[in-house]
Number of protein chains: 2
Amino acid sequence: MLAVGPVVSLDARRGVVVAEVARRTTPDQASEICERGAARAADLDRLGRRGRAAMLAAMAEALEARRAEIVSLADMETALGAGRLDGELTRTCAQLRFMAEVITDGAYLEAVLDHARQTVTGQQPDIRRMLQPLGLVAVFGASNFPLAFSVPGGDTASALAAGCPVVAKVHDAHPATSVACAEALREGAKRAGVDFPVVSLVFGEEAGVAVVKHSAVRAVGFTGSLKAGRYLFDIANQRPDPVPFYGELGALNPVVVGPAAAEARAGDIASGLATSYTLGVGQFCTKPGLVLLPEGSGGDAVRDLLAEAVRAMGPGLMLSERIAAAFVAGSTTLRELAGVRVVATCGVPDAGASAGWWGVPVVLEAGPGPMSEPMLQECFGPLIILQRYSGAAHLSELVKALEPALTATFHADAADEALLDGVLGQLARKVGRLVWNGYPTGLAVTWATHHGGPYPATTAPLHTSVGAAAIKRWLQPVSYQNFPSHLLPPELQDAAPGGVAVLRRVDSRLTLPAHS
Amino acid sequence: MLAVGPVVSLDARRGVVVAEVARRTTPDQASEICERGAARAADLDRLGRRGRAAMLAAMAEALEARRAEIVSLADMETALGAGRLDGELTRTCAQLRFMAEVITDGAYLEAVLDHARQTVTGQQPDIRRMLQPLGLVAVFGASNFPLAFSVPGGDTASALAAGCPVVAKVHDAHPATSVACAEALREGAKRAGVDFPVVSLVFGEEAGVAVVKHSAVRAVGFTGSLKAGRYLFDIANQRPDPVPFYGELGALNPVVVGPAAAEARAGDIASGLATSYTLGVGQFCTKPGLVLLPEGSGGDAVRDLLAEAVRAMGPGLMLSERIAAAFVAGSTTLRELAGVRVVATCGVPDAGASAGWWGVPVVLEAGPGPMSEPMLQECFGPLIILQRYSGAAHLSELVKALEPALTATFHADAADEALLDGVLGQLARKVGRLVWNGYPTGLAVTWATHHGGPYPATTAPLHTSVGAAAIKRWLQPVSYQNFPSHLLPPELQDAAPGGVAVLRRVDSRLTLPAHS
């Protein structure tokens, strides 16, 4: 990828260039952008939680004010459909407002006060601890969520909430959308009285690498492929001063169907699976990619009804030429594996269909042998593999072979619980979210959300990129020993001034703010 | 370092081999130990918080029961002195008991319950989240704390509390102490009814590397040098499946003295600094290594009184031949820098003194030019450098050049606050703990403790290796979506059964357990 040259906006339905949006950012320009961004960190911190909450709310309003334009641009660039993107914009605004709620609540600061006291190990000084912003952070937008996981998305929202300015690397698949969103964020900030830039953009892969390497960047958030994520993770860790790299890299997302559930409600499970794995043309990091299905009539029924549902579907337009090509390559590899057969595909596009990058949903079924390597990896797009199991021991063996993932899903009736007990424990160690009688696509943004998991689901198993805890990625603790009260952050002063009261632990005991 | 061969215990006062303690662990043996350890993870988890708290308390008792033997072994192997090591054993036991308190409290689980509800983005399912143990973890003992940061130390205590079995890499400088401690931990566990091994030992660097590479090891805790820590950090990150590496690597730990404080109490500051930087023969990761001292009479007085105090001291025995040699090399480099002069050293050991590895305390003063590279790095041992500053701008420039550290210390009177305001803000971003009118050595183990900082102070700026939050390093979140109550961990059930009540966030609101 060249450092110079135009960044173009493509019409994903026609596969043609519509406009030049920007020039690729050179490494020198990226470096300047990082330095300017870092210089704003103290100002953003000084805004305080109240000031930043107001800014986030104003940003949400500004995005909504440009809803029609942003949705239309995003639909053109991604072909995801206006309905879906309208919902994604609503979600993006909800994320910004939710992060305002998280910082207003303030428990995320983990404020602790220990007054001086005598202990078995001697006199203990007065010590007080809380989390503070890391400084400038980098955010890499994802191809498949041009809004909710891109420039105005969850990484940006949580970083700004924490008090960290953002340099956002724009995804090549939706540059015009990104520029419009960045403008909206700036307008919102301005309306909230924040007249300095808190989100800057860089374009192109070389600029992205320069940003990850830049000493002013204190952490990186990334949503994307295993390959690109690992590449940047390695760069972040090979810096003279390594910094945290929070990569959310996608996953196989296994589904386990119990025999009783399969017998009792094969139709519901099959139609739910068909919808879930083809949602957004299978371009979700939470797409269910593998179904462990019991041998016998219940499992056969799920398979046959799933096939029927898929045959009735149409193909979908994928996000980009590269993604569509990778899907064709990946699905071809899987189809050609020994023992794997095609259970169903939907029809291919008409000869008269638009020229975009089509993805054709497919259902595969593997043979009885052990699962081969390609089956254990994510195939990004509308493909699902069925693997039959003969009983608890076989199921446990199959689950043992799985790599960590973002989610694991169970379809089970009461009669299945004994059979599933072992694999439930196994999977609870391997995935970030366990779903019961539901589907992994569709991820709520709330206090209890965890969107993560051990590698390769993410590069940081303690962290989430969605939900309240996402803010933790952009913070670091500091302890104050024997500090005079007036030099402490307000939240750490004995009598925390009105309006800053938060959950605190004072001399070992948790204390809630009065308003709770 | 060879994979085979004996691991010997040395008498640090005489510099001679006393006994063969073990054989170096081969990589194959290390692999077997990791697999056996990982197989115990589920059992340790099943013990529950109450079971693990009892186990930790029994471990502390067992260590105390062998106090005389352990202190004597540690004193022989480290020459740190029986008094200091007796205190360190007390601290080690206090850490184990404190971790029992942390898990009994249970807030560390970050339990969150969100019941199903309607939101702007649609129907939100029931989601519940909490932290769970990572699995087997590795701990690398430190040379300078044979108890509190080694086999029975804070990393082990917090990992066991979290529910993670430990494979501990024994430090070459105190193998006999480590074996005795491991026995005590095992005895304690047994007395608490835990009849499976929860802490295993490996010996030798090759085994240490094998452990960091082993797929069953889910995280690594390390306290030691920047060089060794970075080497292992790189290995952990270059694994096919990278795992978190929590390295605490030491630091320069700057001290800033304000002009008014220097004028008002030069004697107190000088004698405090002399004690702090020579404590444990300067072998503390929190040793103050650099003092930014005002030009003029106050600063002169601090310097001269510090010199006087040091001249009156004797030399001390260092932990090992390698550490003593590194100290000599490091201090020689610093002394020979342009503009640096020796302000004071204490006397060298008598000709008739024991044959151990002597460290001779030294005070250096740098010239007015910018600080050179070697001055900005930790010199492990009893050495402190004074750097004079002419005013606020010069001070800020000096602080800007500093690398991140574990601590920063201020000696200031009210009249100094305006001058120090700028650098206080700068240093709050660069260090884990800010100390006011005190000394950085001596670190309380409590709820508010943060012992960390950005690289090179640590490899994980969000984390601490000391204090309540140290447990977070060994945990990962999991979310349960639409799960039947009886399949949830007790802490996530609506009516948490008696005895498991913890701080929870339920439908956005924090709720304290009834007993709080």
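The values are calculated or read from the model by the stated rules, or taken from the named source; none is laboratory data. Predicted, not measured: the structure shown is a model, and the values here were computed from it. Please note: Cβ atoms are built from the backbone with ideal geometry, for glycine as well, and neighbour counts cover all protein chains shown. Areas reflect the complete protein model, heavy atoms only, side chains present, ligands, DNA and RNA absent. Shrake-Rupley method; radii C 1.70, N 1.55, O 1.52, S 1.80 Å.
Residues of region A:78-98 being in contact (Cβ under 8 Å) with a residue 40 or more places away in the chain, among the small types (Gly, Ala, Ser) and open to solvent by 20 Å² or more (accessible area, probe 1.4 Å), which ones?
Residue satisfying the conditions is A:ALA94 alone.
Within region A:407-420, which residues are loosely packed, with under 14 Cβ neighbours inside 10 Å and at the interface with chain B (Cβ under 9 Å from one of its Cβ atoms)?
If we filter region A:407-420 for residues that are loosely packed, with under 14 Cβ neighbours inside 10 Å, which is where we start, we get A:414-415, A:418.
Residue satisfying the conditions is A:ALA414 alone.
Of the residues in region B:415-426, none is outside any helix (DSSP H, G or I) and touching a Ser or Thr at 6+ places or on another chain (Cβ under 8 Å). Evaluate the following for A:ALA392: is it under 30 Å from B:GLN118 (Cβ atoms) and touching a Leu at 6+ places or on another chain (Cβ under 6 Å)? So A:ALA392 fails the test.
Only residues that are over 11 Å from B:GLY289 (Cβ atoms) and part of a loop (DSSP other than H, G, I, E, B) were counted across region B:370-402, and they come to 5.
Among the residues making up region A:490-512, those that are on the phi < 0 side of the Ramachandran plot, assigned to a loop (DSSP other than H, G, I, E, B) and facing chain B (nearest Cβ under 9 Å) are A:LEU503, A:LEU512.
Please report, ordered by residue number, the strands (runs of 3 or more DSSP E) entirely within region A:135-251 with at least 1 residues that are closer than 22 Å to A:LEU10 by Cα and either more than 14 Å from chain B (Cβ to nearest Cβ) or in contact with a His (Cβ under 6 Å, 6 or more places away or on another chain) (or both). It would help to see each step written out before you state the result.
Working: elements: A:137-140, A:166-170, A:199-203, A:220-223, A:245-248.
So the answer is A:137-140, A:166-170, A:199-203, A:220-223.
When B:HIS451 is tested against the conditions (1) more than 7 Å from every other protein chain (Cβ to nearest Cβ); (2) within 14 Å of B:VAL256 (Cα to Cα); (3) surrounded by 22 or more Cβ atoms within 10 Å (Cβ to Cβ), the lone failure is (2). Pairs linking a residue in region A:333-352 that is more than 17 Å from A:TYR277 (Cβ to Cβ) to a residue that is polar (S, T, N, Q) and open to solvent by less than 80 Å² (accessible area, probe 1.4 Å), with Cβ atoms under 7 Å and 6 or more positions apart or on different chains, are A:LEU337/A:SER372. Every listed requirement among (1) open to solvent by 10 Å² or more (accessible area, probe 1.4 Å); (2) in contact with a Ser or Thr (Cβ under 8 Å, 6 or more places away or on another chain) is met by A:PHE196 save one, (2). Scanning region A:470-488 for residues being open to solvent by 20 Å² or more (accessible area, probe 1.4 Å) and under 32 Å from the mean Cα position of the chain (by Cα) gives a total of 1. Listed conditions (1) under 27 Å from A:SER72 (Cα atoms); (2) in contact with a helix residue (DSSP H, G or I) (Cβ under 8 Å, 6 or more places away or on another chain) are all met by A:GLY224, apart from (2).
Which of the residues belonging to region B:200-222 are open to solvent by 10 Å² or more (accessible area, probe 1.4 Å) and touching a strand residue (DSSP E or B) at 6+ places or on another chain (Cβ under 7 Å)?
B:SER200, B:LEU201, B:PHE203, B:ARG218, B:PHE222
Only one of A:ALA12, A:ALA3, A:ALA60, A:ALA30 is modelled with pLDDT under 95 and open to solvent by less than 10 Å² (accessible area, probe 1.4 Å). Can you tell me which?
Working: A:ALA3 fails: open to solvent by less than 10 Å² (accessible area, probe 1.4 Å); A:ALA60 fails: modelled with pLDDT under 95; A:ALA30 fails: modelled with pLDDT under 95.
When all the criteria are applied, what remains is A:ALA12.
Candidates are the residues of region A:99-130 that are at the interface with chain B (Cβ under 8 Å from one of its Cβ atoms) and either among the hydrophobic types (A, V, I, L, M, F, W, C) or more than 26 Å from A:VAL506 (Cβ to Cβ) (or both); the one that is most open to solvent (accessible area, probe 1.4 Å) is A:VAL120. Mind checking which pairs have a first residue in region A:109-130 that is closer than 27 Å to A:VAL500 by Cα and a second that is among the aromatic types (Phe, Trp, Tyr), Cβ under 8 Å, 6 or more apart or different chains? Close Cβ pairs satisfying both conditions: A:VAL112/B:TRP447; A:ASP114/B:TRP447; A:ASP126/A:PHE483; A:ILE127/A:TYR480; A:ARG128/A:TYR480; A:ARG128/A:PHE483; A:ARG129/A:TYR480; A:ARG129/B:TRP447.
Every listed requirement among (1) under 24 Å from A:ALA312 (Cβ atoms); (2) modelled with pLDDT of 90 or more is met by A:GLU373 save one, (1). For region A:454-468, taking the residues that are within 20 Å of A:VAL102 (Cβ to Cβ) and without any contact (Cβ under 8 Å) to a residue 60 or more places away in the chain, the one that is surrounded by the fewest Cβ atoms within 10 Å (Cβ to Cβ) is identified as A:LEU462. Residues in region B:461-488 that are at the interface with another protein chain (Cβ under 8 Å from one of its Cβ atoms), part of a helix (DSSP H, G or I) and over 30 Å from B:THR286 (Cβ atoms): B:LEU487 only. Kindly indicate whether any position in region B:426-439 is open to solvent by less than 10 Å² (accessible area, probe 1.4 Å) and more than 9 Å from chain A (Cβ to nearest Cβ). Yes, region B:426-439 has at least one match.
I'm checking my understanding of the structure. Among residues of region A:267-289 that are of a type in the set (Gly, Ala, Ser) and open to solvent by 10 Å² or more (accessible area, probe 1.4 Å), which one is farthest from A:ALA12 (Cα to Cα)? Working first, answer last.
First, pick out the residues of region A:267-289 that are of a type in the set (Gly, Ala, Ser): A:267, A:270-272, A:274, A:276, A:280, A:282, A:289.
From what is left, the residues that are open to solvent by 10 Å² or more (accessible area, probe 1.4 Å) are A:267, A:271-272, A:280.
Working: A:GLY267: 34, A:SER271: 28, A:GLY272: 28, A:GLY280: 14 Å.
My answer is A:GLY267.
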